[in-house]
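So the structure is just underneath, and the comments pick up after that.
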Amino acid sequence: YTSFCPVRPSGRSAYMGSDEFAGPQMFGIDPSGTSLGYFGCAIGKAKQAAKTEIEKLTNMKDKTCEE
């Protein structure tokens, strides 16, 4: 399939946030199709630096959306 352009994966990531029944949640879908839940995530040019800063934060489960 990868040599046929219309079926080729586009190589994009998508992140979705929700604040409904179970409270605030964040999900990410990788280009491979893997779907994971996140407390914090980053994409783009400075992704690794942002991820490093997010990992330094503690007690992410106890924080609110405003914090």
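Report, by residue number, each residue of the range 48-59 that is outside any loop (DSSP other than H, G, I, E, B) and either touching a residue at least 12 places away in the same chain (Cβ under 8 Å) or within 14 Å of Arg12 (Cα to Cα) (or both). Outline the logic, then answer.
Of the range 48-59, the ones outside any loop (DSSP other than H, G, I, E, B) are 48-56.
Correct list: Ile54 only.
Which pairs do you get when a residue that is of a type in the set (S, T, N, Q), found in the range 28-47, comes within reach of a residue that is modelled with pLDDT of 85 or more and surrounded by 11 or more Cβ atoms within 10 Å (Cβ to Cβ), reach meaning Cβ atoms under 9 angstrom, with the pair 6+ apart or on two chains?
That search, which allows pairs on different chains as well, returns Thr34/Gly28; Ser35/Phe27; Ser35/Gly28.
The values are calculated or read from the model by the stated rules, or taken from the named source; none is laboratory data. Being a predicted model, the structure only gives us computed values, none of them experimental. All Cβ positions, glycine included, derive from the backbone under ideal geometry; neighbour counts span all protein chains shown.
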